[in-house]
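Here the structure is laid out as structure tokens; the discussion comes afterwards.
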Amino acid sequence: MTNRLVQLTIQYRWLLFVLSLVVTGLAVTGLSMFKFDASVRSYFSPGYQYYEDFNHIEDTYGRESTALIMISPENGEVFTPGFLQALATLTDSAWTLTEVGRVDSIANYQHTFVEDDDLMVEDLIPLDETITAEHAAAISQIVVNEPTLINKLISADGKHVAVAINFTVDENDNTQSQSVVEALYQFADDFEQGYETETGQALDIAVTGNVVSIYHNIQIAKYDFGVMVPLMFLLMFVMLGLIMRTVAGTFIALLIAVMSAVGAFGLGSYFGITFAMMSFNGIIIIITVTVAHCIHILKHYMQEYDGTNKLEALTNSLVINALPVSLTSLTTLLGFLSLNFSKLPPVTSLGNVSAIGVVLCWMFSFTILPALALLLPFRPQKIHGSVLDPIMGKVADGVIANKGKILLGSGLLSIVMLALASQNIINDRFSELIRKPHVFRADNEKVDRHFGALYDINLSMNGGESGGITDPAYLASMDKYATWLRAQPEVKSVTTIADTLKRLNQNLNGDDVAFYKVPEERELAAQYLLMYEMSLPFGLDLNNQIELNKEESRIRVTFASMDTTAVFDIVGRMLKWQENNLPAAHQATPASVAVMWAHLSYDSLLSSIASSIMALLLISAIMVVALKSFKYGVISLVPNVFPAAFGFGVWYLISGEINMGLTAVMIITIGIVVDDTVHFLSKYKHARETLQQSTEDAVRYAFKTVGAAIVITTMVLVTGFSLLTISQAESNVNLGIMTAAILTSALILDFLLLPVLLLFLDGNKQPVLEPAAAH
């Protein structure tokens, strides 16, 4: 059956070649529908409970695409007439930026006071008035005594101010986000230069926010694609050319790799896949896996070719590699499809696009490769050999001679690495998705120290009825909760409508500090709130704090960046305090990106473990059926399970912290590492059953025929994944290091532990004759 299919493949190779080009061409047209999501939202799928909690906050109070500009005078003096005047001008000018929906700073903070029995609501720093030293001192007293401003718009030490800008951009519109952030950076630079020119004093300005983070993620994706992919092709071309000693073979492998990668992303776009930073790594994965598949066919082809009969050499290579290449393609396909069980949409996208690439790679290996292999000139390696061939014979002899020591050493090392792997902890800060050194990381850390940059937690407290937020009992619960929250060591700032009503109550009672409390009558609170809302200028309304029907209002708590365990800790304390101190009607669910991210870190690991077990069982079942041996199927499990333990053991020595990107690495690598095991076992089984060799000779045969190819494919894969370490995305770097470690471990185990297990389980007996079709 295999011989007949191979003959048809070679006979109609040019027809298949043209059809493959047509398929690729049609797939490429799908790139016009390519979608890339650089936002944190791309990590969450609809229906995820914590994501739905966060969506409720945004549906109620509006979606926030924010940027925060922190301004720090070199002399540390904020409350000077010159700086306050400049801040007022900056705040006013910020409204002219594209797509701005709101601007907040201490300059346009809505200061309230009573004048002739009328409630006055004005910008704290009027734009059209000259600020005197006395006026600056008065502003200072107002700001430092207003708890809602501390660590929100001015630092606790009074040396840094923040200008918070909310944009109305569509996060999925990458072009719009890019233009908005680039204009923002230019705006900040112009202010810094203008202030220094005018006053002779320097400023330190830092810019952060989720819209800024999205911008830099897009820039990193462009950088990675523009630098890593060309560099990978260059390294592979040089490496394959030197090791395999064939320009033609290298060209064929890289051509099929390009066609598979481009075709996969085109078809993926057709199928509606939205790509994110992590799923963009599919390009690297597809190219490296494709080259690895092609190497096995090309390497055997060159071993068979003696310079006289290409057709016979290619036929022999395709016949002997058809089953293992198809089997490895299937197992790799299953590994990537198992990523659909992940809780991470970017990982799911990565798995699906990589799966498409594997199918295309398998198809092109039997359509594009035969046509070009017979057309292009090849140097016969049957005469000259490969630089690795002599080494493989020595490795085989060494393994056979030291099988007992190798088994004992492998067992002890595996125990050590498993113990180290178990010491890793989950910790993932979404504020550190970008790798240092980077302007965003530097700016974000500066802002984090004084204000808290990206981490917050929101609660929507329900009043039970329309207008319920002015109920004194409701306001008392909110104020009590806010007081407790401000006392927590992690908290930077707390914003509630109760604080506003306390201030209004004091203002409208002769500014008597005894009245700095929530109004005791519902009608009075409602009147205060109505007067205040009617006095607010355009763009500074309370819609981001109060639900339209005034049934719910928002508590917003900000933090500096926190570890995953710290997020769980503060959320647990928040819920516990509510349970013990608030009526059930006033208890609210904490929701934010930080909360979602913490839960997803754990959930993604659990789903990854379950998916890995499922993938491993499926792959092992396929191995049993394909190799027609339960024993070999079970043996194949060992060198495919332990590489992950080795990788995570090494990772503990490097970092000890696992993030979401690493939770998927087990599934990604299972489908890849099994390939070498399949090729080694198929050649070993061929030698035992078809060539009737002893166990030791079969091991030597496997090393001789496929050992060099396994080394080359591993080098290609490790090289490809190692290139991820030059990325500016932290998840890509970690994925590259971990995958390279696992693949290297898999090579060592396939060369040491796998043949040793075969030697011990099969002994050195002669095989029982089986049909030749078994190979």
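Each of 661, 755, 716 was scored by the projection of its Cα onto the charge dipole of the stretch 648-766, and the greatest displacement toward the positive side belongs to 755; charges sit on the C-beta of Lys, Arg, Asp and Glu.
The stretch between residue 135 and residue 117, if pulled fully straight at 0.36 nm per residue, gains 4.2 nm over its current Cα-Cα span. For the stretch 65-215, the convex hull spanned by the alpha carbon atoms encloses 117 Å³ per residue. Taking the Cα centre of the stretch 342-435 as origin and assigning +1 to Lys and Arg Cβ atoms and -1 to Asp and Glu Cβ atoms, the resulting dipole is close to 140 debye.
A simple rule links phi to the HN-Hα coupling: the Karplus curve 6.51 cos²θ - 1.76 cosθ + 1.60 with θ = phi - 60°, which for the stretch 741-755 gives 5, 5, 5, 5, 4, 5, 4, 4, 5, 5, 8, 10, 6, 4, x Hz, with x for Gly and Pro. For the chain, excluding the exposed loop sites themselves (chymotrypsin sites (Phe, Trp or Tyr not before Pro), DSSP loop, at most 15 other Cβ atoms within 10 Å), the longest remaining stretch covers 272-515.
When the chain is described by a simple charge dipole with +1 on each Lys and Arg Cβ and -1 on each Asp and Glu Cβ, the residue from 160, 424, 140 located farthest towards its positive end is 424.
Both radii were evaluated on the Cα set of the stretch 381-521; the Rg over Rh quotient, with Rh as the Kirkwood radius, amounts to 1.45.
Based on the alpha-carbon gyration tensor of the stretch 283-389 and its eigenvalue square roots a ≥ b ≥ c, which shape applies: rounded if a/c is under 1.5, prolate if not and a/b is larger than b/c, or oblate? It is prolate, given that a/c is not under 1.5 and a/b is the larger ratio. Taking the convex hull of the alpha carbon positions in the stretch 204-351 and averaging its projected area over all directions gives 12.0 nm². Here the simple spin-label model places points 7 Å from the Cα toward Cβ, and for residue 580 and residue 75 these points are separated by 4.9 nm. Looking at the stretch 120-161, the GluC sites (Glu not before Pro) that sit in a DSSP loop and have at most 14 other Cβ atoms within 10 Å of their own Cβ are 129.
For the stretch 490-504, 3J(HN,Hα) computed residue by residue from phi via the Karplus equation (6.51, -1.76, 1.60; θ = phi - 60°) reads 7, 6, 8, 8, 9, 10, 9, 6, 4, 5, 5, 5, 4, 5, 5 Hz, glycine and proline entered as x. With all pairs of separate Cα atoms included, the stretch 455-559 yields a Kirkwood hydrodynamic radius of 14.1 Å. What's the FRET efficiency of residue 449 with residue 231 using the Cβ-Cβ distance as r and R₀ = 35 Å, to the nearest 0.05? For R0 = 35 Å, the calculated efficiency reads 0.45.
Round to a whole number: what % of the accessible area of the chain belongs to carbon and sulfur, probe 1.4 Å?
On the way: 18100 of 30100 Å².
It is 60 percent, rounded to a whole number.
Our estimate of slack between residue 55 and residue 18, defined as 0.36 nm per intervening residue step minus the Cα-Cα distance, is 8.4 nm.
Placing unit charges on C-beta atoms (Lys and Arg positive, Asp and Glu negative, everything else neutral), compute the dipole magnitude of the chain about its Cα centre in debye, rounded to 20. The calculated dipole for the chain is roughly 6120 debye.
May I ask you to derive the FRET efficiency for residue 202 and residue 415 from their Cβ-Cβ distance with R0 = 41 Å, giving the value to the nearest 0.05? Display every interim value, and only then the final one.
Numbers: r = 59 Å, r/R0 = 1.43.
Efficiency at R0 = 41 Å is approximately 0.10.
Any idea what the relative contact order of the chain is, in percent, if you count C-alpha pairs under 8 Å spaced at least 6 apart? Write out the running numbers ahead of the final one.
Working: 1310 pairs, mean separation 141.9, N = 775.
Normalised by residue count, the contact order of the chain is 18 percent.
Over the chain, what per residue volume does the convex hull of the Cα atoms give, in whole Å³?
On the way: hull volume 133.5 nm³, N = 775.
In the chain, the Cα hull volume divided by residue count equals 172 Å³.
Based on every Cα atom in the stretch 576-685, Rg and the maximum pairwise Cα distance Dmax equal 21.0, 71 Å. Once C-alpha pairs closer than 8 Å and six or more residues apart are averaged by separation and normalised to the residue number of the stretch 178-254, the relative contact order reads 20 percent.
Per residue, how much accessible surface does the chain expose to a 1.4 Å probe? Answer in Å², no decimals.
39
Adding -39500 (n - 2.57) for every DSSP H run of four residues or longer, then dividing by how many residues the chain holds, sets the calculated 222 nm ellipticity at -21000 deg cm²/dmol.
Express in whole angstrom the spacing between the alpha-carbon centres of the stretch 493-549 and the stretch 118-146. First find each Cα centre; the distance between them is then 19 Å.
Here the gap between residue 186 and residue 631, fully extended at 0.36 nm per residue and compared with their Cα-Cα distance, gives a gain of 153.5 nm.
The values are calculated or read from the model by the stated rules, or taken from the named source; none is laboratory data. As the structure is a computational prediction, the values presented were derived from the model and not from experiment. Using ideal geometry, Cβ is built from the backbone for each residue, glycine included, and neighbour counts are taken over all protein chains shown. Each accessible area value is taken on the protein alone, full model and side chains, heavy atoms only, with ligands, DNA and RNA left out. Shrake-Rupley method; radii C 1.70, N 1.55, O 1.52, S 1.80 Å.
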